[in-house]
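Structure first, commentary second.
The values are calculated or read from the model by the stated rules, or taken from the named source; none is laboratory data. Since we're looking at a predicted model, the values are computed, not measured. Cβ atoms come from the backbone with ideal geometry, glycine included; neighbour counts cover every protein chain shown.
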Amino acid sequence: MRALYEASFSGDVNAFSDAMLDDFEAHVPPVLPWGGVQHGPQAFLTKVLPQLAGAVDFASMRLVSISADGEHVAADGDELWIAEHWVVRDEKLWRLRVFYHDTRPLEAPRTAVGA
């Protein structure tokens, strides 16, 4: 998981989708414009990641912790109060449930510093 996050933060847009099972499912808070349940890697790539990339600078994100227990993995970040709960099956990503403390920074596209 750590390698997937590091690759993603370094600009590898396929890091997570290449590691997903075909029946991957992402549960994103429904308050977000791209929220709800997304089915499959392609839906995650086309419906979630572009919206998230418009709201968050991936290069500035830092992973605070990863905890694992069997097939369950939890990851926490520091730019946003975010927690991601992953379920891994057959060494691939099967389920994702995202938790945000405050979704307001994600609800509008980010602006350049000094704009």
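Taking the numbered list (1) surrounded by 15 or more Cβ atoms within 10 Å (Cβ to Cβ); (2) within 19 Å of Y5 (Cβ to Cβ); (3) modelled with pLDDT under 80 in turn, M20 passes all entries but (3). Can you say whether V87 is in contact with a Lys or Arg (Cβ under 6 Å, 6 or more places away or on another chain), among the β-branched types (V, I, T) and either modelled with pLDDT of 85 or more or surrounded by 13 or more Cβ atoms within 10 Å (Cβ to Cβ) (or both), as far as the supplied structure shows? Spelling it out, V87 is indeed in contact with a Lys or Arg (Cβ under 6 Å, 6 or more places away or on another chain), among the β-branched types (V, I, T) and either modelled with pLDDT of 85 or more or surrounded by 13 or more Cβ atoms within 10 Å (Cβ to Cβ) (or both).
If you go through region 1-48 and keep only what is free of Cβ contacts under 8 Å to residues at least 60 places away in the same chain and in contact with a Pro (Cβ under 6 Å, 6 or more places away or on another chain), you end up with S17, G35, G36. Only a single item in (1) over 19 Å from A3 (Cα atoms); (2) surrounded by 13 or more Cβ atoms within 10 Å (Cβ to Cβ); (3) modelled with pLDDT of 70 or more is not met by P105, and it is number (3). Among the candidates G36, G40, the residue that is over 20 Å from D90 (Cβ atoms) and surrounded by 12 or more Cβ atoms within 10 Å (Cβ to Cβ) is uniquely G36. Quick check on A7: is it surrounded by 12 or more Cβ atoms within 10 Å (Cβ to Cβ), closer than 16 Å to R95 by Cα and of a type in the set (G, A, S)? For A7, the condition - surrounded by 12 or more Cβ atoms within 10 Å (Cβ to Cβ), closer than 16 Å to R95 by Cα and of a type in the set (G, A, S) - is not met.
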